[in-house]
1. What does the charge count around residue 56 come to, taking other residues whose C-beta lies under 14 Å from its C-beta (Lys +1, Arg +1, Asp -1, Glu -1)?
2. Hey, which of these cross-link pairs are over 18 Å Cα-Cα: 76/119; 40/150; 76/110; 97/209; 36/194; 119/234?
3. Full-extension gain between residue 214 and residue 233, please, as 0.36 nm times their residue separation minus the C-alpha to C-alpha distance.
4. Between 96, 205, 126, find the one with the highest GNM mean-square fluctuation for the chain; connect C-alpha pairs within less than 10 Å.
5. Would you be so kind as to identify which of 116, 225, 85 lies farthest towards the positive end of the dipole of the chain, taking Lys and Arg as +1 and Asp and Glu as -1 on Cβ and the Cα centre as origin?
6. May I ask you to derive the relative contact order of the chain, considering only C-alpha pairs under 8 Å and at least 6 residues apart, and to give it as an integer percent?
7. I'd like the Karplus ³J(HN,Hα) series for the range 44-56: coefficients 6.51, -1.76, 1.60, θ = phi - 60°, whole numbers in Hz, and an x wherever there's a Gly or Pro.
8. Calculate how steeply helix 2-14 sits against the longest principal axis of the alpha-carbon atoms of the chain, using the helix alpha-carbon long axis, and give the answer as 0 to 90 degrees to the nearest 10.
Amino acid sequence: MNKIVLMLFLSMFSLEGKAQTAQEFNSWWAYAGDHKISDKWGVHTLYSFRRNDFVKNWQQSLTRAGVNYNFTKNFKLTVGYDWIVTFPYGAQPVAQKVNEQRIFQQAILKNRVGSLYVKHRFRFSQRFIEHNAMINRFRYRIGFSIPLGKKNIEAKTFYISAFDEMFIGFGKGIHGPIFHQNWMYTGVGYKVNKKLALNLGYMNQYLIKADNLHIESNHTLKFQMVYNLDLRKKK
């Protein structure tokens, strides 16, 4: 596994000398929520409002809905649907607005090492992109969070968080690089109460275009509000 990851990173950086790299300054504003409807089942929701040139122009709109199944408090599976609209933006715009629909399956594993919270996310998705064949993609994210001044991330707690996520295409229909995107994030969060958390940070979105000749290394301000509801019937 380590050798595979190393090879992917080396192939990514080998393109730097051949491709034209553009740097965009974007901002992503998102809401996410996992809402329990029983001890095991829940509903996953997300909307991400993504802007280019800070907030001036559209970059992308993403709407997500899914169903969660919680095996334990540290292991969860989700099956869901995404609707994405990508707009022409920046120095390397797409030719026209593109609609994409996805079906995805993901697993989330959590654990703790002292005060350090660790989260692994594995996601497979089947991408139905306008005017293209279906494309398969695998994403892996590893994330860390640590509370400031406390042992636990609980109500009225600030915390530092970071993650890295790799995007890998596979199967038939692949056009361009197999390893085509990487997100690296660091930021600060505030747990307001059991339901609400706010996150603000910086993310580098490294994106290799399908022609292998153009790359974006985007500086992104990322804000997310997480609001989780417990919709279980009170006993």
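1. It works out to a net charge of 0.
2. Details: 76/119 11 Å; 40/150 29 Å; 76/110 9 Å; 97/209 16 Å; 36/194 13 Å; 119/234 30 Å.
With Cα atoms farther than 18 Å apart: 40/150; 119/234.
3. 1.6 nm
4. In this elastic network of the chain, the residue with the biggest mean-square fluctuation among 96, 205, 126 is 96.
5. Of 116, 225, 85, it is 116.
6. It comes to 19 percent, rounded to a whole number.
7. Working through the residues one at a time gives 9, 9, 7, 9, 10, 10, 10, 10, 9, 6, 6, 10, 5 Hz.
8. With rounding to tens, the tilt is 40 degrees.
Quick note: the coordinates plus some simple rules give every number you see, no bench work behind them. All values reported here derive from a predicted model rather than from experimental measurement. We place every Cβ from the backbone using ideal geometry, glycine too, and count neighbours over all the protein chains shown.
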